Each structure stands twice: as C-alpha cells, then as structure tokens.
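Just so it is clear, none of the values below were taken in a lab; they were calculated from the coordinates. Small disclaimer: the values here were computed from a predicted structure and weren't measured. So basically every Cβ, Gly included, is an ideal-geometry build from the backbone, and we count neighbours across all protein chains shown.
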Amino acid sequence: MKTFAAAVIALTHCARLATGLSAPDASLSRARLGQAFSSPSGKLTYSPELLIPEPNDPTAILLQSNAIQGLSGKIRQGKANAVFFKGSLTALKTFCMEQESARGNFPGPVAVIYCADEGVEISSVADAGAEGLLINVCDGVDITGVEDVNDDSDWINTCKEALTCGIQPVPEFTLKGSDVESWDEEVVTKMVSKITGLVGEEPIAVLLTVNYEETDETTDADEDEQESQNALPSVSKELSRKIPIIGSVRADAGDGRLGAEANRFKEAGFSSALLRSECVPGFRIQLDLDIVGSFWAGCIVDLKSTKSKSFSFRSKNKMEKSVATEWRNYQKSVIDEGSLGDPSESESVVDSEAGDY
C-alpha cells in the first residue's frame with residue numbers, strides 16, 4: 001500500500017513539473033508531510049530552518065537565484081526530511097522549482113513548509129510550491145496552558161484558508177521555559193485535541209518551541225536548577241503515532257551539542273526535530289548560502305548516521321568560534337609557516353635615500 005501511495009505521489013508531482021508549479025492537492029501535501037515528520041522506525045526526522053536574506057540590487061537578485069538552487073540541491077543531498085523556508089515568495093518558488101526537478105531521482109525532493117510574514121497571500125504561497133505553512137498560535141506569545149487558546153484568534157482562520165488552498169497548516173506553540181514542567185503528556189494531548197476542534201481537522205503536525213531564560217554562567221550548584229529549567233514537554237507514544245510533534249532545536253553546533261540536544265527531544269517523545277537557524281555557527285553574519293547548505297548537509301547526514309549513535313557531530317570548519325578570530329589566526333599561520341616568503345628578504349618599494357617614507 002505504501003509503495004502504491006508513493007507511486008501516486010510521484011506521478012502527481014511529475015504532472016506539476018511538466019505544467020509548471022501549481023497549487024498542491026491537499027491530500028497529496030498531507031501524505032508528503034506525514035512521511036516527512038514521522039519515521040516508521042521511530043527515529044527522529046530532521047528539518048533545517050533556512051533564512052534567505054532579501055537582495056538589495058538587481059545583480060544580487062540574479063546571483064541569489066543560482067545560490068538558492070545550489071542550496072536546494074545540497075539540502076536534498078543531505079537527505080533532510082523537510083525544510084522550513086523563510087524568505088521572499090520569489091526565493092520560495094526558486095527553491096521549490098529546483099526540488100521538483102529532482103522528481104523521480106534519488107534522493108527525491110524534500111517537502112517545503114513556508115514561514116510566512118503577516119499579511120502574505122496564502123494562495124501565492126501555494127502557487128510558489130510550498131506544501132505546508134507554519135502558523136504562530138497566539139501571535140507567537142508564550143502560552144501557559146490550554147486555556148490561553150481561544151476560538152476568536154486569527155490563526156484559526158489562517159489554518160482554514162491554508163487547507164482551502166491545498167497546503168497543510170503547521171501550528172507553532174511557544175512555551176515559557178519556566179512553565180514547561182507542567183506540560184506533561186496529558187496537557188500536550190489536550191492542546192492538540194483543542195486545535196483539532198477549533199480548526200475542524202487534525203493538524204498534520206504541531207511544532208512546540210520552548211523559550212528558555214538566558215543565563216550567563218552555570219555553576220555546579222546550579223546544575224539541578226538548570227536541568228529543570230531546560231526541561232521539555234512530554235509527548236505520549238499514542239499521540240506521536242497519530243500526530244507528529246516537532247521540537248525546536250537551538251543548540252550551537254560543535255562538540256556533539258546539537259546531537260545531544262536532538263536526542264533529548266527523542267527521549268521526551270517527539271517525532272521530529274526542527275533545526276533552527278541558530279544552530280548554524282555565525283548565522284547572524286548572514287553566511288554565504290553555499291556554506292549554509294554544506295553545513296546542513298553534513299550535519300543531517302551525521303545526525304542520521306547509524307555509525308554515530310553518540311551524536312558526535314563537530315563543526316569541521318570551526319565556525320562555532322569567532323569568524324574574525326579564525327580568519328586572523330589563519331593569516332598568522334600562513335605568515336609563520338613562511339608560505340609568503342621571509343619578510344627580511346623582501347624588497348621594499350620605499351626608497352628612503354630619495355626621501356620616501
């Protein structure tokens with residue numbers, strides 16, 4: 001049955017590619033995202049968050065198109081299960097078109113969930129090729145319990161409009177770190193049930209994001225308190241088999257931190273991990289998309305590797321350190337090794353005898 005369903009998905013997408021991207025079929029997008037967020041073997045699935053900066057001149061626009069296509073290919077080669085994409089609709093369409101070009105090949109295209117800004121036309125998102133839409137519940141404000149979600153919120157209408165356009169809404173709840181311990185299996189299940197009742201249909205998945213309080217330093221005496229503060233909501237096996245629950249992973253890459261954090265989500269019952277852009281070392285500097293693509297490809301391959309059960313991923317380019325410091329150290333090492341020659345043997349272009357200085 002699964003083989004037949006996969007064949008139907010492939011044939012339908014071939015038709016989309018032949019005629020140009022069009023709004024996806026709701027049942028098709030639901031099937032694709034269901035496969036992306038839930039693994040039959042019970043392993044975590046991994047989806048990176050991609051932030052595409054807006055180019056500010058015509059030349060940059062042309063260069064970015066090629067860069068996005070290259071990024072798209074690397075994400076696919078890294079075998080990501082899905083992508084959470086934040087950028088312009090033009091960038092989204094470029095990314096989705098490149099993914100569709102891989103239909104029928106291995107690895108095949110990854111499902112794309114669009115992280116839309118307020119006021120974007122959902123029909124345009126569907127036309128660009130996205131199969132899911134990330135929707136902030138309660139405008140992204142931290143909620144303390146099920147009672148904070150009511151039936152007069154705009155996000156409910158957004159979910160219904162997305163379904164009408166043929167794409168799947170993925171509600172995101174943000175929780176305060178100090179309240180997480182109260183989010184046990186029963187509370188999480190009640191929240192998902194309330195979403196279903198308000199929207200009128202079970203969500204394809206739900207994203208839970210925990211906003212922890214930042215601390216400058218943690219001593220041994222504070223270890224237990226820190227562990228409690230960084231607790232995670234608990235997800236029952238019964239719920240995760242029915243509706244995938246995605247967790248936001250924000251650990252800095254390097255020294256196994258990212259893998260260890262992902263493993264914490266798996267132990268808490270989550271089905272999938274959204275690898276946030278904060279995981280990319282130096283992401284605030286707006287790194288080259290080629291570097292970002294290479295990072296995520298290597299990262300996801302390592303996280304999925306059966307040879308590395310200890311999740312020992314390390315950032316090979318040492319980007320978790322200061323980029324400026326690493327560049328300065330590299331220049332110094334080149335000079336110290338004599339790769340540029342001996343400074344004492346170099347000829348000066350300054351003729352001091354002629355009065356140059």
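Maximal additional length on extending the GLU147-ASN211 stretch stands at 21.1 nm, based on 0.36 nm per residue less the C-alpha distance.
Charged neighbours of SER123, selected by a Cβ distance under 15 Å, balance to -3 (K, R count +1; D, E count -1). Rg/Rh, computed from the Cα trace of segment 77-223 with Rh as the Kirkwood radius, has the value 1.04. Taking the Cβ of GLY78 as the centre, find all other residues whose Cβ is under 13 Å away and add up their charges (Lys, Arg: +1; Asp, Glu: -1). Counting the neighbours of GLY78, the net charge comes to +3. If you take the Cα centroid of segment 23-96 and the Cα centroid of segment 134-171, the two points sit 22 Å apart. Give the Debye-formula value of log10 I(q)/I(0) at each listed q (0.14, 0.23 Å⁻¹), with one equal scatterer per alpha carbon of segment 253-302, two decimals each. Each listed q corresponds, in turn, to -0.38, -0.91. If R0 is taken as 30 Å, the Cβ-Cβ distance between SER193 and SER41 corresponds to a FRET efficiency of 0.65.
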